[in-house]
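Student: Structure below; questions to follow.
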């Protein structure tokens, strides 16, 4: 080497023999002290926001509204939740709704990814299916819930179908978009090393689409929970939505609020778990969609 | 090691002829650069040599074999940012070996040495977005060298780099090339880069692309970057620039 150094982004980069002593300008992905501090601070802000929200809710409910029929306070909601638990309904309702949401979410996401990949790779299939996909995505499928209940009965499978119908379309659209927008140069790279079209799909397109698919999953969580409640409102024998419906018909606001809060918390927890999954599966994708 | 022989390649796309009757040889182990104004079909020519595209007429031979489909004897170094963002430096470098079904286990040490050679020692676990442009192009080069090709096809690999980094990478490329027995066909629009690197410079005209001139570069190797500041170097660049100017004038302005 002639001692010249290449300069990029304000840091000195290595050339040849200098590499050994060179200090990388960024750590490999992993927990550096600065990162974990920043994460703790972000978590602290979110936690504080939740606590302040609950306190405000309590104060408004207790002093401004003062009537649990209009607004149950957090404390009343909590005792409603305890009543539901001790009276025996809640554990079973949670199990039923959880099953419906989970089955519907998993089946709907898997089908969505498969169909999305299929229409991305098959122009004729895309032409044939796109009107239906855009149509159903834009339709309030919720409105079809009563018919689905009629077809599939009062058991969990009618609700699973409602959830699938809500989860599947955003996932189809996201997966298809991911594969379609794959960088053509990267496909060329694989082809230049003799990749077959299946290898291009497995080693390039699927990976490129991963952040899109994960975003589709995150959208799916919220829609799955909505699907469960709405499905159960229209007809069920058990479940959290069913419990909300019963509480509402008895004007038992604390229990109604309890049901809603459980859904909201589930939404927060599952979305957070998916964020963790995203960081584990695609740590390289932070700057991409 | 094998040479490249391009015979009468012509290619048209919808809007007209891109290449017309292009012929040249690159001897085994020779470093040939191709310069020409943008839009002269340089990249198309390189893609045809690699078998990524097919010429309408003519043929490409590598050694004795006629190319049809992606050529196993070649490795293509693309312009910037052709790394898989989800693969680490090491995994990017082994992509070609993986796709060509070369045995990874027995080649792991060789790949590690190669990364060391191109100046990426210690960067194995980094992702591309953590690297500067210069480092990313080193990964591109390592990926191509990893499959141990006879011919290295390089498509303006340093075009996206800043001026200083580009000079460093030119010198680095010559250092690495000196240790590897490879025929190189290197495309660029920078005359000083073409002359500094090459045994021979081919000048392409455009609309349609033809080989307008074929110039031997007399300078001894190894070459220092200071060579670019010598009078002889300047005169050679001047001469090539003259040819390109004529070509551009004849084919109707910029």
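The values are calculated or read from the model by the stated rules, or taken from the named source; none is laboratory data. Just so it is clear, the model here is predicted, and its values are computed rather than measured. Don't worry about glycine lacking a Cβ; one is built from the backbone with ideal geometry, like all the others, and counts go over all protein chains shown.
Student: Take the conditions more than 14 Å from every other protein chain (Cβ to nearest Cβ) and in contact (Cβ under 8 Å) with a residue 24 or more places away in the chain and apply them to residue B:217. Does it pass?
Tutor: no
Student: Let me ask something additional. Just checking, does the range B:188-197 include any residue being in a strand (DSSP E or B) and in contact (Cβ under 8 Å) with a residue 60 or more places away in the chain?
Tutor: yes
Student: Could you give every pair whose Cβ atoms fall below 7 Å, whose first residue belongs to the range A:250-272 and is closer than 18 Å to residue A:78 by Cα, and whose second residue is outside any helix (DSSP H, G or I), counting only separations of at least 6 or pairs across chains?
Tutor: A:251/A:69; A:253/A:68; A:253/A:69; A:253/A:72; A:254/A:68; A:254/A:72; A:257/A:72
Student: Further question on the same structure: Give B:146, B:163 a once-over and let me know the one that is touching a residue at least 24 places away in the same chain (Cβ under 8 Å) and within 12 Å of another protein chain (Cβ to nearest Cβ).
Tutor: One residue alone meets the criteria, B:146.
Residue by residue, here is whether (1) in contact with a helix residue (DSSP H, G or I) (Cβ under 7 Å, 6 or more places away or on another chain); (2) farther than 20 Å from residue A:81 by Cα holds:
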{"residue": "A:244", "(1), (2)": "yes, no"}
{"residue": "A:247", "(1), (2)": "yes, no"}
{"residue": "A:254", "(1), (2)": "yes, no"}
{"residue": "A:265", "(1), (2)": "no, no"}
{"residue": "A:272", "(1), (2)": "no, yes"}
{"residue": "A:275", "(1), (2)": "no, yes"}
{"residue": "A:278", "(1), (2)": "yes, yes"}
{"residue": "A:281", "(1), (2)": "yes, yes"}
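Student: Take the residues of the range B:204-220 that are closer than 26 Å to residue B:173 by Cα and surrounded by 12 or more Cβ atoms within 10 Å (Cβ to Cβ): which is nearest to the chain's Cα centre (by Cα)?
Tutor: Going through the qualifying residues, I end up with B:204.
Student: When you scan the range B:109-128, how many residues do you find that are within 25 Å of residue A:191 (Cβ to Cβ) and either more than 7 Å from chain A (Cβ to nearest Cβ) or at pLDDT below 90 (or both)?
Tutor: 7
Student: Quick one: in the range A:160-203, of everything that is within 7 Å of chain B (Cβ to nearest Cβ) and part of a helix (DSSP H, G or I), which residue is farthest from residue A:116 (Cα to Cα)?
Tutor: So the residue we want is A:192.
Student: Moving on. Is it true that residue A:246 is free of Cβ contacts under 8 Å to residues at least 40 places away in the same chain and more than 14 Å from chain B (Cβ to nearest Cβ)?
Tutor: When the stated conditions are applied, residue A:246 passes them.
Here's the yes/no breakdown for (1) in contact (Cβ under 8 Å) with a residue 40 or more places away in the chain; (2) touching a strand residue (DSSP E or B) at 6+ places or on another chain (Cβ under 9 Å):
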{"residue": "B:58", "(1), (2)": "yes, yes"}
{"residue": "B:81", "(1), (2)": "yes, no"}
{"residue": "B:87", "(1), (2)": "yes, no"}
{"residue": "B:121", "(1), (2)": "no, no"}
{"residue": "B:134", "(1), (2)": "no, yes"}
